[in-house]
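The values are calculated or read from the model by the stated rules, or taken from the named source; none is laboratory data. This structure is a prediction, so every number in the text was calculated from the model and none was measured. All Cβ positions, glycine included, derive from the backbone under ideal geometry; neighbour counts span all protein chains shown. Please note that ligands, DNA and RNA were not included when accessible areas were found on the heavy atoms of the full protein model with its side chains. Shrake-Rupley method; radii C 1.70, N 1.55, O 1.52, S 1.80 Å.
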Amino acid sequence: MVNIAPPARVPVLPDDEGLARTRVKFLTSETVEADQVREAILASWWRSKEFRVPADHIDLPYVADQDLDTPLIRGAAPVLERLGDQLEGQPISLILTDQTGVVLSQRTGDTDLHRHLESVELAPGFSYGERFVGTNGIGTALEDGRPTHVFGHEHYAENLENLACAGVPIQHPISGKTIGAVDLTCWRKDAGGLLVALARTTAEQIRQALLTHSNLRELVLFQAYLQACRRTTGVVLAFNDDVVMMNDGARQLLDPADQSVLLGRAAQELAQARRATATVSLTSGGKVKLYCRRVPGHREGNTAGGVLSVKLLDADDERAGVSLPMLPMFLPGVVGSAPPWLRCAHDVDAGYGRGDWLALAGEPGTGRATLARGVHLRRNPAGRLHTLDAGHAGPGWEEDLRRELLDDPVDTLVVRHADRLAEGDLDTLVTVLDEVRSRYGVNAPWVTITLDPESESKPELAGLLRLFPRTVTVPPLRRHVEDLSELVPLLLSRLSHGGHLTCSPAAMHLLMRADWPGNTAQLYRVLKQVAKRRRTGSIQPSDLPAEYHTITRRPLNRFETVERDAIVRGLEDADGNKARAAKLLGISRATIYRKIHEYGIVVPDR
């Protein structure tokens with residue numbers, strides 16, 4: 001018999017009719033109150049919408065060539081076989097997936113249920129990851145990293161609304177890494193609290209079974225990892241080709257990108273020596289001291305992997321160079337505190353402090369010249385800063401350069417769009433800069449150039465870039481969109497011309513969802529357009545252009561753009577009442593519901 005542990009909390013089955021209405025409200029961008037749907041489900045619905053999962057059909061990727069000889073499958077097979085024998089003839093399906101949600105096996109004791117699961121592609125080879133099918137027991141459990149039950153209309157895809165499922169991630173008993181999930185699925189009408197309890201128990205039995213399939217190499221590495229953890233309270237990681245283990249210190253203090261950097265560096269060091277020490281720069285802006293050692297295997301000459309411990313270098317340590325964590329810095333005329341923008345600002349400021357000439361690479365409109373100006377004003381507020389646009393270089397180009405850098409040198413010169421210079425003008429810039437370095441040495445003016453992202457690889461720029469020790473990449477706005485909460489007030493203060501213009505939370509929410517391909521320059525143009533119509537008060541969603549009321553799923557043609565804009569304005573005229581808006585537009589209510597969903601239109605609150 002299967003030992004079913006009582007669940008910590010028996011899930012309360014949702015009200016079908018009320019939940020169905022709530023789901024429709026969500027899909028048509030109406031406001032959904034927090035008490036109308038479980039918090040975990042609502043969060044998953046939002047992720048599903050961000051993933052642009054279709055709600056009206058199932059279209060999943062298929063993995064044809066699967067490796068079915070893995071420790072997970074070997075460990076899970078006897079557990080699922082025993083449980084399947086006990087549930088034979090019952091309308092319940094036992095499903096095993098890998099860590100991405102790809103179904104590895106599916107055993108169903110009822111013909112009708114099996115046929116239905118085949119129709120919704122819940123079958124071996126298909127991926128039930130949340131990004132493909134939306135909210136469901138498998139994908140949502142893997143996304144949240146905890147046991148999850150999804151009943152009826154809680155599913156994002158309407159094809160799954162007559163099912164109930166309970167999924168539980170399976171963690172490797174040694175590394176703790178999620179390696180798959182077990183899911184139990186049945187008809188919605190047959191669901192009960194024991195479904196979740198049975199899924200939990202099954203996952204735990206599979207985890208225990210995996211211990212018997214763990215090879216000796218992993219056990220040796222695990223023992224070395226535990227010894228390292230006992231010797232220190234700091235950051236500890238252990239790894240080989242198959243597993244990575246880390247303690248809470250590593251998870252809390254290092255983001256995934258930094259973890260990858262350290263593991264890669266440790267692998268390089270241990271390929272050459274049994275023990276190694278290195279100072280490593282992190283992507284988050286600080287430096288650490290890395291101590292790593294090779295773990296010998298159980299046989300002579302074999303290696304079980306490596307163990308590394310990490311010391312965070314303090315700001316006072318001369319070897320660190322950068323404080324950890326980074327603190328916000330004040331740059332006149334510049335705002336932003338998101339980590340990507342903050343790292344960039346610190347890098348430019350540090351370059352100024354060393355006297356290094358810098359190349360600032362980035363997409364148009366990201367604020368490259370603004371950032372250079374802000375650092376100059378912070379470091380030398382009384383000094384002169386001039387800007388030359390190389391994109392407009394003409395007959396007087398050499399004269400302009402000599403005036404700014406040699407005849408009457410400024411303190412800082414920003415050369416914008418240096419990658420757009422013609423060959424002769426580029427040679428002139430290199431010649432003048434060489435002369436400046438020769439004449440002034442370390443007392444030369446600070447020079448920065450701005451480039452488009454891919455320009456560094458152009459052979460014709462090699463002569464210019466040798467004069468600039470480092471390139472700092474300025475991130476696009478979509479990578480630090482949270483900075484809109486600071487950027488928008490700053491730009492509005494410049495545009496309101498003495499008036500007091502603010503941005504409402506609802507309008508700010510719409511702005512933060514946009515992709516901003518034109519970056520901060522595009523944001524400025526949008527706000528400038530809005531400020532022409534509203535000069536005081538608070539910007540409302542209705543003040544924004546129609547395209548910012550939608551979640552863009554694909555490029556629209558001219559007709560679709562006109563149709564979308566008409567629906568947005570119709571909804572505004574009807575105060576968000578869809579039936580009234582449909583009447584005003586001369587279309588049916590069913591059509592306006594479909595179009596709202598198709599274009600991802602955010603319906604204004606009534």
Can you find even one residue in the range 433-443 that is among the aromatic types (Phe, Trp, Tyr) and in contact with a strand residue (DSSP E or B) (Cβ under 9 Å, 6 or more places away or on another chain)? no
What tally of residues in the range 116-145 results from selecting those that are more than 19 Å from Ala191 (Cβ to Cβ) and either open to solvent by 40 Å² or more (accessible area, probe 1.4 Å) or aromatic (Phe, Trp, Tyr) (or both)? 10
Under 6 Å by Cβ, and 6 or more places apart or on different chains, what pairs join a residue from the range 459-485 that is hydrophobic (A, V, I, L, M, F, W, C) with one that is surrounded by fewer than 16 Cβ atoms within 10 Å (Cβ to Cβ)? Val481/Met512; Leu484/Met512
For the range 409-426, what are the residues that are touching a residue at least 24 places away in the same chain (Cβ under 8 Å) and over 35 Å from the mean Cα position of the chain (by Cα)? Pro409, Val410, Asp411, Thr412, Leu413, Leu421, Ala422, Glu423, Asp425, Leu426
Taking the range 529-547, which residues are at pLDDT 80 or above and part of a helix (DSSP H, G or I)? Gln529, Val530, Ala531, Lys532, Arg533, Pro541, Ser542, Asp543
Examine the range 416-429 for a residue that is modelled with pLDDT under 90 and open to solvent by less than 40 Å² (accessible area, probe 1.4 Å), and state whether such a residue exists. no
Look at the range 95-115 and say how many of its residues are open to solvent by less than 20 Å² (accessible area, probe 1.4 Å) and in contact (Cβ under 8 Å) with a residue 40 or more places away in the chain. 5
Read through the list (1) in contact (Cβ under 8 Å) with a residue 12 or more places away in the chain; (2) open to solvent by less than 60 Å² (accessible area, probe 1.4 Å), then give the number of the only condition that Gly441 fails. (1)
Out of (1) modelled with pLDDT of 75 or more; (2) surrounded by fewer than 18 Cβ atoms within 10 Å (Cβ to Cβ), the odd one out for Met329 is which? (1)
Any chance the range 520-529 includes a residue that's of a type in the set (Phe, Trp, Tyr), open to solvent by less than 10 Å² (accessible area, probe 1.4 Å) and under 31 Å from the mean Cα position of the chain (by Cα)? no
Could you run through the range 469-490 and say how many residues are open to solvent by 10 Å² or more (accessible area, probe 1.4 Å) and not hydroxyl-bearing (Ser, Thr, Tyr)? 11
Please verify whether the range 356-373 includes one or more residues that are farther than 28 Å from Gly518 by Cα and of a type outside the set (S, T, N, Q). yes
Asp434: passes all of (1) open to solvent by 10 Å² or more (accessible area, probe 1.4 Å); (2) closer than 25 Å to Pro332 by Cα; (3) more than 41 Å from the chain's Cα centre (by Cα) but (2)
Which one of these is in a helix (DSSP H, G or I), of a type in the set (Gly, Ala, Ser), over 30 Å from Asp434 (Cβ atoms) and in contact (Cβ under 8 Å) with a residue 12 or more places away in the chain: Gly576, Gly570? Gly570
If Leu184 passes every condition in (1) surrounded by fewer than 21 Cβ atoms within 10 Å (Cβ to Cβ); (2) touching a Leu at 6+ places or on another chain (Cβ under 9 Å); (3) in contact (Cβ under 8 Å) with a residue 60 or more places away in the chain but one, which one does it miss? (1)
Right, Asp434: over 23 Å from Tyr524 (Cα atoms), touching a residue at least 60 places away in the same chain (Cβ under 8 Å) and among the charged types (D, E, K, R) or not? no
Out of all the residues in the range 232-267, which are assigned to a helix (DSSP H, G or I) and more than 14 Å from Arg293 (Cα to Cα)? Asp248, Gly249, Ala250, Arg251, Gln252, Leu253, Pro256, Ala257, Asp258, Gln259, Ser260, Val261
Inter-residue pairs, beta-carbon under 8 Å, first free of Cβ contacts under 8 Å to residues at least 60 places away in the same chain and within 11 Å of Thr100 (Cβ to Cβ) and in the range 126-146, second open to solvent by less than 10 Å² (accessible area, probe 1.4 Å) and among the polar types (S, T, N, Q), 6+ apart: Ile138/Thr97; Leu142/Thr97
Among the listed residues Thr366, Thr387, Thr428, identify the single one that is among the hydroxyl-bearing types (Ser, Thr, Tyr) and more than 15 Å from Thr450 (Cα to Cα). Thr428
Say we look at the range 14-52 and pick out the residues that are in a loop (DSSP other than H, G, I, E, B) and without any contact (Cβ under 8 Å) to a residue 60 or more places away in the chain; which of these is nearest to Glu130 (Cα to Cα)? Val32
Leu270 - would you say it is open to solvent by less than 30 Å² (accessible area, probe 1.4 Å), touching a residue at least 60 places away in the same chain (Cβ under 8 Å) and out of contact with any helix residue (DSSP H, G or I) (no Cβ under 9 Å at 6 or more places or on another chain)? no
Can you tell me which residue among Arg319, Arg293, Arg275, Arg299 is open to solvent by 60 Å² or more (accessible area, probe 1.4 Å) and at pLDDT 80 or above? Arg275
Selected residue (criterion: least open to solvent (accessible area, probe 1.4 Å)) from residues of the range 57-94 that are among the polar types (S, T, N, Q) and under 26 Å from Val133 (Cα atoms): Ser93
Picked from the range 579-597 (must be open to solvent by 60 Å² or more (accessible area, probe 1.4 Å), over 14 Å from Glu30 (Cα atoms) and in contact (Cβ under 8 Å) with a residue 12 or more places away in the chain), the residue farthest from the chain's Cα centre (by Cα) is Leu584
Check off (1) over 25 Å from Val334 (Cα atoms); (2) open to solvent by 20 Å² or more (accessible area, probe 1.4 Å) for Arg378 and give me the number that stays unchecked. (1)
